[in-house]
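Where a number appears in this text, it was derived from the coordinates with a stated rule and is not lab data. Note that the coordinates shown come from a computational prediction; the quantities given were computed from them, not determined experimentally. Heads up, the Cβs are rebuilt from the backbone with ideal geometry, glycines too, and the neighbour counts pull from every protein chain shown.
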Amino acid sequence: MTSRPRLRLEGNLAPGLLAVALFVLMALVVLNTGFSAMPTNPFDVDSVTAAIGYALFDLAPLQAEAGVTGTEPFLAAFLLVAVVLDAALDAALVLAKREEGGEPVSPLQSTGDSPSTSDSDAGRSATRADGSGGDNR
């Protein structure tokens, strides 16, 4: 006779509650944030790329000449997003690295026991006894 499924709670409850609390906190922040209408042209410039370039390279005379003002908060947000995305990429690479027994494993490494390797392929790369190298080139 089978018994009914039981919920295991030994040590797994805290991360779940923390995730729910974080979700509730994020929902409260989003729901209580007042979103205003977007301005039609926030920088008075045709190109946002130009505004980023002026702010990145601190080209104040060119920035004033083009009429681009107030890009510092925009630049700070741009750089913050760039750093966060770089950290996420680094974390993805660390998580994607495979290890077996403490040693890194290459995904394209051949072990030599595959059926596609034939004796004629192995003989081509081996050095012959007479020193000719095995290649018939």
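Points worth noting:
- The simple spin-label model puts a point 7 Å past each Cα toward its Cβ; for E99 and V83 those points are separated by 2.8 nm.
- Most to least packed among 49-60, 16-27, 90-101 [average Cβ atoms within 10 Å]: 49-60, 16-27, 90-101
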